[in-house]
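First up is the structure itself, then whatever we jot down about it.
Nothing in this text is a laboratory measurement; each read-out follows from the coordinates by a stated rule. Just so it is clear, the structure is predicted and the values come from calculations on it, not from any experiment. Backbone-built Cβ (ideal geometry, glycine too); neighbour counts: all protein chains shown.
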Amino acid sequence: MRFRRLLAMAATVAVVTCGLALTAARAQQPQRPVAIVSISPLDRFLQDTSYLLKACNVPEVGGLVGIMANQYTQGIDRTKPLGVSVTLDGQIPNATVFLPLKSREDFFGALAGMGIEPDDLGGGLFEIDANGQKLFAKDTGGWLFIAQTEEALATVPADPAKLLGDLPQQYNLAVKLDIQALPPELKQLAIEQMRIGLERGMAEQQRDMSAEDQAKAKELSEANIKQLEQMINDTDKIIVGWNTESSQQRVNIDVGAQFISASKLAKQMAQLQNLSSNFTKLVGSGAAAQVRFTSKIPDEDKPSQIMNLRNSIKQLEQQIPETDRAVAKDILQGLTKVIEQTIQEGIFDGAGGVSLQDDTFRAIVGGAVADGHALEAELKKIAGAVQGEKDAPQFKFNYGDHKGMNLHSVQFPIKTNDRIVQKVFGDSLIVHVATADKAYLISVDPTGDAALKQAIERVASSQGEKVTPLDGSIAVAQILQFAQAIAPNPMIENALKTIQQYAGKDKVQVAGRIIERGALYRLTVEEGVLRAGGAAAKGANGGGGGF
């Protein structure tokens, strides 16, 4: 949980600081670029782009891209990477593009084909009028540097590829933001902008709050602002990258953050290096979707997480009708106490999944909890609160036990005319719950508790396995097949027929891992999913090309 919040906050930092870097009036010249854009060598970039467009069922676009690239990249060394370096030059951001050259004459000839003829200023310097936009170019050391001002080209690196590091080898396209290259006053301005946004949001929420609740909300807001401030001050680099692996028939998108050495956040990331989970085998094979998450909660973050929880519960209470609020409040407070105890223990560990095999909806979720018996007591409290009401759920507590876990069930009557809901769940939703000292499992299965018992056995046999903070996957073919069985649709049918041709390459996956002084998310989309998306889009477009 901490891992995901850190990356989400890092993304916020990236957006705010980038925007401010383009508009700040007081920024001073940093010692290094605030942003680097890396493009892999054109031969590889175009090959991978062509594969991606073919996989998306728009090969005609790939052909057009290839033709245009061949026409307008004449003279470029297509075996070397390209890039953009962004620095702050006084009040103005200064972007410098660097292109590897084989022949300046051939490249300028390609520009002439677009009506752009550089004016030779001598000494390898050129002035370019691009549709009214004046640019300057400098040819030196086998590279062509392009910038908005002549002064920006006064000093250029002998080998700009060094600025890119290993990004061209890892990604087709990547952006690296250097947060520490921003001047202190600009980072402070970013913090103030985020503070203003948070305070405006809190003001909207506080309109109908009591004075006491407003004070608590303000305390929570200050805690969140403090976390954002620390995120800005501790973040070293943020990287977003796209990479196509045609040999593996998949596309990857990475989002990562790296923190300053010895900073609080870097130390917290190091604590996540040796994680273990008791729920790696909770979800059985063949699931349509599954996720597993594990994280440690630092002691200093526990108070703010508890405050966030209480604030969320308070808002939930306000949505409950006045006539039911007293009972609901008692139940919510009991559940909140269990969650708070779990936070205090400092570990989030759990998993969940959905199966759609045999066109039957089944779900399983489970995790660590501070006191499973207290959770069981809260469920009994809920049962007592609804007892005797019309169409109330039917509870069965402690009807059995399995591998040391107490078994319970709840049957919810379904009163709806929605044809899809009726087809998926029938007349009732049957939920089975298992509780133990430090764990809970919940299953939805119309056929009974066999799947729950199997999950309990898998969990019991796979305690303490080494894990990364997050992993998950979606088997798109299984989901499309289920959707088509429940509510037939021509667009889904097109996608299903396509993806079935790519068995074993039909998943979307997400994985989180710890890197040096930071963390990285990777989203992977396999070729079958890309082709299914393209087929669905073409079907929706009447069979025409493109999206």
(request) Among (i) 38.0, 135; (ii) 28.4, 92; (iii) 43.4, 176, find the value of Rg and Dmax of the Cα atoms in Å that was calculated from the structure presented, and write down its label. (result) (ii)
(request) Quick one: dipole size for the stretch 72-208, taken about the Cα centre, charges +1 on Lys/Arg Cβ and -1 on Asp/Glu Cβ, in debye to the nearest 20. (result) 480
(message) Below 27 Å, Cα to Cα, which lysines can K380 reach? Residues fewer than 8 away in the same chain don't count.
(response) K314, K329, K337, K390, K396, K403, K415, K438, K453
(message) Can you tally the net charge around R458? Count Lys and Arg as +1, Asp and Glu as -1, for every other residue whose Cβ sits under 11 Å from the Cβ of R458.
(response) +2
(request) Would you mind checking which residues have amide H under 5 Å from L275's amide H? H placed 1.01 Å from N; only 5 or more apart, or other chain. (result) V467
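Quote the relative contact order of the chain in percent (integer), defining contacts as alpha-carbon pairs under 8 Å separated by 6+ residues. Intermediate values should be presented prior to the final figure.
Numbers: 1021 pairs, mean separation 81.6, N = 547.
So the answer I get is 15 percent.
Beta carbons within 10 angstrom, averaged per residue: use that to sort the peptides 337-345, 404-412, 236-244, highest first. Show your work: numbers first, answer last.
Values: 337-345: 16.2, 404-412: 17.9, 236-244: 19.9.
By packing density, highest mean first, the sequence is 236-244, 404-412, 337-345.
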(request) Run down the lysines and flag those whose C-alpha is under 18 Å from the C-alpha of K237, throwing out any fewer than 8 positions away in its chain. (result) K162, K176, K187, K264, K267
(request) Kindly express, to the nearest 10 degrees and within the range 0 to 90, the angle between helix 450-460's C-alpha long axis and the longest C-alpha principal axis of the chain. (result) 70
(message) How large are Rg and Dmax for the stretch 41-170 when calculated on the C-alpha trace, in angstrom?
(response) 15.9, 48
(request) Would you work out the charge dipole size for the chain about its Cα centre, treating the Cβ of every Lys and Arg as +1 and the Cβ of every Asp and Glu as -1, and quote it to the nearest 20 debye? (result) 1040
(request) Could you tell me which of I128, G346, G366 has its Cα farthest along the dipole of the chain towards the positive end, charges placed at Cβ (Lys, Arg +1; Asp, Glu -1), taken about the Cα centre? (result) G366
(message) Angle check, please: helix 302-318 long axis (alpha carbons) against the longest principal axis of the chain (alpha carbons), in degrees 0 to 90, nearest 10.
(response) 70
(message) Net charge within 12 Å of T468 by Cβ-Cβ distance, Lys/Arg positive one each and Asp/Glu negative one each, not counting T468 itself?
(response) +2
(message) Which one, M194, M68, G142, projects farthest toward the positive side of the charge dipole computed for the chain from Cβ point charges (K/R +1, D/E -1)?
(response) M194
(request) Kindly express, to the nearest 10 degrees and within the range 0 to 90, the angle between helix 2-23's C-alpha long axis and the longest C-alpha principal axis of the chain. (result) 30
(request) Give me the lysines in straight-line cross-link reach of K102: C-alpha distance below 18 Å, same-chain residues under 8 apart excluded. (result) K80, K138
